[in-house]
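The values are calculated or read from the model by the stated rules, or taken from the named source; none is laboratory data. Computed from a prediction, not measured in an experiment: that's the story for all the values here. Backbone-built Cβ (ideal geometry, glycine too); neighbour counts: all protein chains shown.
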Amino acid sequence: MLEIVSISVFYEIAALLVLAAAVGLAGVMLRQPLIVSFIAVGILAGPSALGIVQSEEYINLLAELGISVLLFLVGLKLDIKLVRTLGSVALMTGLGQVLFTSVIGFGIAVALGLDTISSLYVAVALTFSSTIIIVKLLSDKREIDSLHGRIALGFLIVQDLVVVLSMIVLSAIGVGTENGAALSDIFQIFGTGVLMLIAVGIFIRYLAEPLVDRLARAPELLVCFAIGWAALFAAAGDFLGFSMELGGLLSGVSLASTKLREAMAARLAPLRDFLLLFFFIALGAHIDLSLVGHQIFAAIILSLFVLIGNPLIVLTIMGTMGYRKRTGFLAGLTVAQISEFSLIFMAMGISLGHVGVESLGLVTLVGLITISLSTYMITYSHQIYARINPFLQPFERKDVPREAIDQLSIPHGNQYDILLFGLGRFGGAIAQRLIARGFRVLGIDFNPAAVRRWRDEGIEVLFGDATDPEFVASLPLDNIHWVVSAIPEHENGVTQDDSRTALIHALKNQDFRGNIAITSHLEKDHELPRICGSILILQPFQDAADQAVDLLSGKQHPPQFEVIEPENQKELCVPK
């Protein structure tokens, strides 16, 4: 009998994995994040569609383990040192967005006919944005180190802190009776929580680094340890009266300040994605599509609020703080969706008896709509901004140019021969060699940290974005002989195409008469000169290979070296 049950469970899991692979492939073709495909798999596999899910006990077990691993990885990002360094813009924008989104969202939910408790849960769920999706999209666009990317990451950390506090409050409220906690139970849970936090603090202070040093000697044990550590804390949290979710978060926080946190995060990311599949399958098994159909209108209204209202809230806050409308708009688009935490939050509400399955179905629909559409909004953010730029003027304050402070200001009164966009490894090397040969170079980068670093090296640099036509128009182009774009390209070339063509068109609109050079690794970029005029294509790998062949074949003469007897055996030769 046991063998028959095991085989049937295996067939069920196999069917779910095949379905997930098929739906995931369709999602990749549509450029959708994996979370959208997983939610769709959960709904399709549920009882209202294909009805594949039968072994709920096994599915729920994998789902709980997946949530523990996910929250462990979130906790790994909450390094106390990092939290202390959050800038005022991240703190103000994060808290302001959470406050205004929850208040306005609560009013909308009540107006749609939801009861008070359900409206409160839905409103809080609308405040969370998906760190996983945003980091992936910004990384793909090479904007993770841009000003708006750094600000977005800052207020995402603030949102993660709000997640932690929300789960603590839910854990306390849910203790005691079936539908809530007695006052004595709340005091007890907070007291136990303080003791648990003290224990975690002691572990961080005295035991975390020695333990990690031991693990560093056996890296093959790292994944097993991380999963076990997350499960241990989740079980402890449940045993002590907290939720397993809060325990999983604390497990990550306990190791967030260690040197192996990045290695653990990298190795656990694929496992997290795999196990989260079962969380969404478990959710789908509880969603009745017949009930969801009646919630489409409410889901559309709430989705429009998230897609439009959340970016406007961020844009308003950042504009008030003195940031340009462009920076506020690009940062604001990153909160135009809800998160997997929104669904976890609603699932906790169901387990506590506070909300019903219909509320989870509503938030799930909002998640599908907002995540799907915001992916395209972030991907094509610059094109969207170019179209609606004239309508965003009220969100920019001219009297407080925060982005023009210190290292972000444009140097005045200087004459330059070359403008160089992108000060990465290749661009920085070009800048140094041009300056060494006597050229006057003005470097431009959209990473404030890179601006500071190169200014410390003595190179004149300013903060700016090649895709911003207003910024290009403000540059001293009159006496420039060359404009060079050494901006790193996206893997499939989409992002670099956008930045290069935007820069070229902006230069043409300013009647730039000098020469243009762009960096490329793609064969199809040989078409650019034909499309955009006379343009020099710089191919770092191909050009270096050609020079290497010339040196090896004798067409160029390499530097001459002579062998010496050095005192330091590491130096074996010097140029003649």
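When the test is whether a residue is farther than 20 Å from Gln32 by Cα, of a type outside the set (Gly, Ala, Ser) and either in contact with a helix residue (DSSP H, G or I) (Cβ under 9 Å, 6 or more places away or on another chain) or in contact (Cβ under 8 Å) with a residue 60 or more places away in the chain (or both), Tyr323 passes it.
What's the total number of residues in the range 284-299 that are under 18 Å from Ala40 (Cβ atoms), modelled with pLDDT of 90 or more and surrounded by fewer than 13 Cβ atoms within 10 Å (Cβ to Cβ)?
Looking only at that region, the number is 0.
One line per residue, one yes/no per condition, for (1) at pLDDT 75 or above; (2) of a type outside the set (Ser, Thr, Tyr); (3) assigned by TED's automatic domain parsing to the domain that holds Ala152; (4) within 25 Å of Thr327 (Cβ to Cβ):
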site: Phe471; (1), (2), (3), (4): yes, yes, no, yes
site: Ser474; (1), (2), (3), (4): yes, no, no, yes
site: Arg500; (1), (2), (3), (4): no, yes, no, yes
site: Gly533; (1), (2), (3), (4): no, yes, no, no
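Taken over the range 540-569, the criterion of being surrounded by 11 or more Cβ atoms within 10 Å (Cβ to Cβ) and at pLDDT below 50 is satisfied by Phe561, Pro566.
One residue stands out among those in the range 99-137 that are among the β-branched types (Val, Ile, Thr) and within 21 Å of Thr375 (Cα to Cα): the one that is surrounded by the fewest Cβ atoms within 10 Å (Cβ to Cβ), which is Val135. Is at least one residue of the range 102-115 under 17 Å from the mean Cα position of the chain (by Cα), polar (S, T, N, Q) and assigned by TED's automatic domain parsing to the domain that holds Thr258? No, that holds for no residue. Here the range 138-159 is the region considered, the condition is being modelled with pLDDT under 80 and either under 19 Å from Val366 (Cβ atoms) or of a type in the set (Ser, Thr, Tyr) (or both), and the residue that is surrounded by the fewest Cβ atoms within 10 Å (Cβ to Cβ) is Ser139.
All of Ala230, Ala236 fail the test of being closer than 17 Å to Leu61 by Cβ, of a type outside the set (S, T, N, Q) and modelled with pLDDT of 80 or more, apart from Ala230. Of all residues assigned to the range 457-469, none qualifies as being outside any loop (DSSP other than H, G, I, E, B), more than 21 Å from Ile151 (Cβ to Cβ) and over 31 Å from the mean Cα position of the chain (by Cα).
What are the residues in the range 323-339 that are of a type in the set (Gly, Ala, Ser) and assigned to a helix (DSSP H, G or I), if any?
Let us first name the residues in the range 323-339 that are of a type in the set (Gly, Ala, Ser), namely 328, 331-332, 336, 339.
Answer for the range 323-339, where residues must be of a type in the set (Gly, Ala, Ser) and assigned to a helix (DSSP H, G or I): Gly328, Ala331, Gly332.
Select from the range 369-391 the residues that are farther than 22 Å from Pro469 by Cα and either touching a Lys or Arg at 6+ places or on another chain (Cβ under 9 Å) or small (Gly, Ala, Ser) (or both) and list them in ascending order. Correct list: Ser372, Ser374, Thr375.
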